[in-house]
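Participant: Below is a structure I'd like to ask you about.
Here, each number is a calculation from the coordinates, and none is a lab measurement. The shown structure was predicted, so the numbers you read here are calculated from the model rather than taken from an experiment. Every residue, glycine among them, receives a Cβ derived from its backbone with ideal geometry; neighbour counts consider all protein chains shown.
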Amino acid sequence: MTLTIALSKGRIFEETLPLLSAAGIVPAEDPDASRKLIIDTNHPDVRLVIVRASDVPTYVQYGAADLGIAGRDVLIEHGGSGLYHPLDLDIARCRMMVAAPEGFDYEAAVRHGARLKVATKYPRIAREHFARKGVHVDIIKLYGSMELAPLVGLSDVIVDLVSTGGTLRANKLAAVEHILDISSRLVVNQAALKLKHDAIQPVLDAFARVVGEAPRR
Ligand code: ATP
Ligand code: MG
């Protein structure tokens, strides 16, 4: 029985290697070096599929992959249907923040009840955040380089992931509000968890040992 694990290349792949290794799984190739989208492993029954970070939940939802690793940001935007989330892997940690140009009086803008223009790749997280605060917003969906939007008048603020804050500073923006702490989670296709239980459980247990957490059953 083949087990298929969906991963994105770059930081998630790198930070997942030690977890895979704890489960005795070693990829045959580095997806950043190879152009292959299906990567074999030392384990004859385990393969990796390399997909865009935001596509990981979709592959797992439809059972094209049995397992996947995706950021909490991606999982919230996806909605999580058909997915079981047994483990927070505590990798790819960052924070979802509201950021504004240096000197922008965010508190006043929010207090005065004017509509705030918000540019983001994360419309669901942004919409829910401002709805909880009772702030009226126009959400402008972008696919990248959010930092540019307030600099050229596309938006007042952005909602984006921040780790060191270096990109914000380089563009004279500052974080003005923390929304969520983000890390990546293991997701499992709900049907596969039952049908391939004997193959999946050892992987879950090995990952859980590394992150020092008992998998949720
Ligand atoms: P793409 O780069 O293909 O547009 P992406 O930005 O979602 O997609 P990655 O940059 O590989 O893909 O990020 C994958 C996940 O890692 C994100 O969903 C998020 O959870 C987390 N992440 C993103 N940026 C950072 C960061 N600067 N530091 C730590 N973790 C991050
Ligand atoms: Mg990225």
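Participant: Around V176, which amide H atoms from residues at least 5 apart in sequence, or from another chain, sit under 5 Å from its own amide H, with H modelled in the peptide plane?
Facilitator: Amide H neighbours of V176, under 5 Å, 5+ apart: V98, A99, A100.
Participant: Relative contact order, percent, of the chain when contacts are C-alpha pairs under 8 Å separated by at least 6 residues?
Facilitator: Relative contact order of the chain: 27 percent.
Participant: Under 1.5 on a/c is rounded, so check that first for region 95-180, then, if it is not, pick prolate when a/b is larger than b/c and oblate when it is not; a ≥ b ≥ c are the square roots of the alpha carbon gyration tensor eigenvalues.
Facilitator: rounded
Participant: Within the set K9/K196; K9/K133; K141/K172; K133/K172; K36/K196; K9/K121, which residue pairs have Cα atoms separated by over 28 Å?
Facilitator: Violating the 28 Å limit, Cα to Cα: K9/K133.
Participant: Of the peptides 118-125, 77-84, 44-51, 155-162, how do they stack up when ordered by the mean number of other Cβ atoms within 10 Å, highest first?
Facilitator: On the way: 118-125: 21.2, 77-84: 15.9, 44-51: 18.0, 155-162: 24.1.
The most tightly packed comes first, giving 155-162, 118-125, 44-51, 77-84.
Participant: So, one more: With a/c under 1.5 counting as rounded, go ahead and sort region 15-114 into rounded, prolate or oblate using the C-alpha gyration tensor (a ≥ b ≥ c being the square roots of the eigenvalues; past the cut-off, prolate if a/b is larger than b/c, else oblate).
Facilitator: Note, shape of region 15-114 comes out prolate.
Participant: Pull out the extension gain between R209 and K141, defined as 0.36 nm times the separation in residues minus the alpha carbon to alpha carbon distance; nm, one decimal.
Facilitator: Working: separation 68, 0.36 × 68 = 24.48 nm, distance 3.86 nm.
Fully extending the segment from R209 to K141 adds 20.6 nm.
Participant: Continuing with this model, one more query. Just how large is the dipole of region 95-180 about the Cα centre, in debye to the nearest 20, putting +1 at every Lys and Arg Cβ and -1 at every Asp and Glu Cβ? Don't jump to the answer; show the numbers that get you there.
Facilitator: Numbers: 12 positive and 9 negative charges, 53 e Å.
Around 260 debye, computed over region 95-180.
Participant: Another one. Along the charge dipole of region 95-180, pointing to its positive end and built from +1/-1 on Cβ of Lys, Arg, Asp and Glu, which listed residue (L180, M146, P101) has its Cα farthest out?
Facilitator: The one lying farthest along the dipole's positive direction is L180.
Participant: Something else about it: Using the C-alpha atoms of the chain, what convex hull volume per residue, in cubic angstrom, is computed?
Facilitator: 127 Å³
Participant: With a cut-off of 8 Å between alpha carbons and a minimum separation of six or more residues, what is the relative contact order of region 94-192 in percent?
Facilitator: Answer for region 94-192 is 44 percent.
Participant: Expressed as a rounded percentage, what relative contact order does region 1-42 have, with Cα pairs under 8 Å and six or more residues apart? Working shown, then result.
Facilitator: Working: 23 pairs, mean separation 13.2, N = 42.
Rounded, it is 31 percent for region 1-42.
Participant: I would also like to ask the following. Please name which of V159, A170, P27 has its Cα lying farthest along the dipole of the chain towards the positive end, using unit charges on Cβ (Lys, Arg +1; Asp, Glu -1) and the Cα centre as origin.
Facilitator: Farthest along the dipole direction, towards plus: V159.
Participant: Tell me the net charge near P101. Cut-off is 15 Å between Cβ atoms, P101 excluded, with +1 for each Lys or Arg and -1 for each Asp or Glu.
Facilitator: With Lys, Arg at +1 and Asp, Glu at -1, the net is -4.
Participant: Between region 1-24 and region 47-107, what's the alpha-carbon centroid distance in Å?
Facilitator: Rounded to whole Å, the Cα centres lie 15 Å apart.
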